[in-house]
Amino acid sequence: MPPTSSRERIMVFYSNSEEDPLLGSSVLESVNNWDEGVAEDDGRFTDTLRQYVRLIKFRYVFIAVCIVVIVIVAGFSMTLGPFNISFAETYEILWSHITGNAYPDTAKDYIVWETRLPRVIFGVFGGASLAVAGAVMQSILKNPLADSYTTGVSSGAGFGATLAMAAGFTLGGMTNVVIFAFLFSLIPTAVIVLMSKISSASPTTMIMAGIGVMYVFSAGTTVLMLWSDPQALSTIYSWQVGSLSNPNVLFKNIPIIVVTAIAGIAFMCAMSGKVNVLATGDESAKALGIDADNLRIILLLISGLLAAAIVSFVGIVGFVGLVSPHIVRMFIGADNRYLLPASAIFGGMLMIVADQIGRVALSTPLPVGVVMAFLGGPLFLWLILRRSKDVW
């Protein structure tokens, strides 16, 4: 019976080589040394494989723990407010709506379903969108500081919302503010794409173009605020700091943010393998048949849409897209196949945790954007001190 495994073929060759008079002693010694090396490498390979399996299991455990924390924190978040509703009651109300049954206490039902649930949903999906957008931007631009701010998306949305409120376009409601914020948030992405087409789609070109656009929109926003009347200025300020209590955070707007977040995050996760290749360098991507320039532009456009969608409704919330991917990398590594879904879940968890801190920390509620600035700034400095080169 002929040998089937590589090991058996090696042993057959080795036994036959000892009887072959044409093979010298040096050849036989080399074969013997190589055979012993294979045996030694088998043990090292097994240990490496076991470590890899443990790492994969840990990544799944990390994602599962984040999901459990989101469920617990979301339920606790819906208990906060002037009207006392217990943790168990909140999920009883949600379950009654899922099953199509009417909850006996209509007042509590209205408060949880119409008032507090939209805040949680916007926080979870908004944080997930910003975190995934930041993770992808950091990978494709190979810059640890890349997120919706450094690409100018948030500044563009801020300018659009400020323009709508300063010009008095809010008379028919806050819908115009959302439209203006979304449209102007797309301008920085369009400018970056055009700049990359004119010169080259290198990461340095894109990040520099984004920073330039960010400063232009920030200056324009400041001018509009100086020209605004005091009443409009108050509304502009509350939107600029970012809050989950904005007038746009309504139940009727949930499908927009949910569909946008799920579609964008699903697309990014499907492209995670190519993002890994692109993160290693354009040469490696082109060697594998990937158009690095066009792929980077597509991913940047989708990332901009994800960030623009949540910024248009909630306002400017910083550090979620910047800090979340870095924290997740410390636990599960930089493999985007796991980093992107984990960042989405962690970002949603971080967003609602920051919102809860702002609601209970002081007698006057703090907007989630302010809380994230307080948390994100020191946390990011700590990450810089701990960051090792092997993370990237």
Selected residue [farther than 24 Å from GLN356 by Cα, free of Cβ contacts under 8 Å to residues at least 40 places away in the same chain and assigned to a helix (DSSP H, G or I)] from ALA181, ALA164: ALA164
Between PHE180, PHE169, PHE184, which is surrounded by fewer than 21 Cβ atoms within 10 Å (Cβ to Cβ), among the hydrophobic types (A, V, I, L, M, F, W, C) and either modelled with pLDDT under 90 or under 17 Å from the mean Cα position of the chain (by Cα) (or both)? PHE169
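Do we have ALA102 as surrounded by fewer than 22 Cβ atoms within 10 Å (Cβ to Cβ), at pLDDT below 85 and more than 26 Å from THR260 (Cα to Cα) here?
On the way: surrounded by fewer than 22 Cβ atoms within 10 Å (Cβ to Cβ): yes; at pLDDT below 85: yes; more than 26 Å from THR260 (Cα to Cα): yes.
For ALA102, the condition - surrounded by fewer than 22 Cβ atoms within 10 Å (Cβ to Cβ), at pLDDT below 85 and more than 26 Å from THR260 (Cα to Cα) - is met.
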Could you list, in sequence order, the residues of region 124-151 that are of a type in the set (S, T, N, Q) and touching a Pro at 6+ places or on another chain (Cβ under 8 Å)? GLN138, ASN143, THR151
Does any residue in region 87-100 that is within 15 Å of GLU114 (Cα to Cα) come within less than 9 Å, Cβ to Cβ, of a residue that is acidic (Asp, Glu) and part of a helix (DSSP H, G or I) six or more places away or on a different chain, and which pairs are these? ILE93/ASP109; SER96/ASP109; HIS97/ASP109
Where residues in region 116-148 are out of contact with any Ser or Thr (no Cβ under 7 Å at 6 or more places or on another chain) and assigned to a loop (DSSP other than H, G, I, E, B), which of them is nearest to ILE67 (Cα to Cα)? ASP147
Taking first residues from region 294-308 that are over 13 Å from SER129 (Cα atoms) and second residues anywhere that are charged (D, E, K, R) and modelled with pLDDT under 85, the pairs with Cβ under 9 Å that are 6 or more apart or on different chains are ARG296/ASP282; ILE297/LYS197
Pairs returned, first residue in region 135-160 that is in contact (Cβ under 8 Å) with a residue 60 or more places away in the chain, second residue that is hydroxyl-bearing (Ser, Thr, Tyr) and assigned to a loop (DSSP other than H, G, I, E, B), beta-carbon separation under 7 angstrom, 6 or more apart or interchain, are MET137/THR151; SER154/SER148
Test result for VAL258, surrounded by fewer than 16 Cβ atoms within 10 Å (Cβ to Cβ), over 28 Å from VAL191 (Cβ atoms) and either in contact with a strand residue (DSSP E or B) (Cβ under 9 Å, 6 or more places away or on another chain) or of a type in the set (A, V, I, L, M, F, W, C) (or both): yes
With farther than 21 Å from PRO144 by Cβ and within 17 Å of the chain's Cα centre (by Cα) as the only criterion, which of ILE290, ILE352 stands out? ILE352
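Looking at this structure, is SER284 among the polar types (S, T, N, Q), surrounded by 19 or more Cβ atoms within 10 Å (Cβ to Cβ) and in a helix (DSSP H, G or I)?
Numbers: among the polar types (S, T, N, Q): yes; surrounded by 19 or more Cβ atoms within 10 Å (Cβ to Cβ): no; in a helix (DSSP H, G or I): yes.
Here the answer is no, as SER284 does not meet what is asked.
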Here are some residues: VAL370, VAL353, VAL323, VAL317. Which one is part of a loop (DSSP other than H, G, I, E, B), of a type in the set (A, V, I, L, M) and in contact (Cβ under 8 Å) with a residue 24 or more places away in the chain? VAL317
Please count how many residues of region 58-94 are of a type outside the set (Gly, Ala, Ser), in a helix (DSSP H, G or I) and under 29 Å from the mean Cα position of the chain (by Cα). 20
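The values are calculated or read from the model by the stated rules, or taken from the named source; none is laboratory data. Only a predicted model underlies this, so the values are computations on that prediction, with no experimental measurement involved. When we count neighbours, we look across all protein chains shown, and the Cβ atoms used for this are built from the backbone with ideal geometry, even at glycine.
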